[in-house]
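All of the numbers you see were taken from the coordinates with simple rules; none came from a lab. Only a predicted model underlies this, so the values are computations on that prediction, with no experimental measurement involved.
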Amino acid sequence: MAATSEHRAAGRTLAIAAAGSLLVLVAFTTPLATLPATAAGVHAGPGAQAWILSGMSVGCAAGLLSSGALGTTTGAGACSWLAP
């Protein structure tokens, strides 16, 4: 029974880490589709559009690092059965 509950805990941890990564990637790619409208709305030139895109990359990195740290903190040992 202990192995079964460990597998469930590992599955939950993996699901949380995967959901966090998915959310970050969705939040990162959505502004790419709306960049022309956003740039037109704030009267941004080509240089300002580059800053908008750079800011998205920083946000993506921060979110992925946070979700990775969460997965490591809560389940590195619990998920070790995935890659023996």
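Starting from the eigenvalues of the Cα gyration tensor, five times each then square-rooted, give me the equivalent ellipsoid semi-axes of segment 3-53, largest first, whole Å.
Those come to 41, 8, 5 Å.
Through the Karplus equation 6.51 cos²θ - 1.76 cosθ + 1.60, θ set to phi - 60°, convert the phi angles of segment 37-48 into ³J(HN,Hα) values in whole Hz; use x for Gly and Pro.
Computed from phi, the couplings for segment 37-48 are 5, 5, 4, 5, x, 9, 6, 8, x, x, x, 5 Hz.
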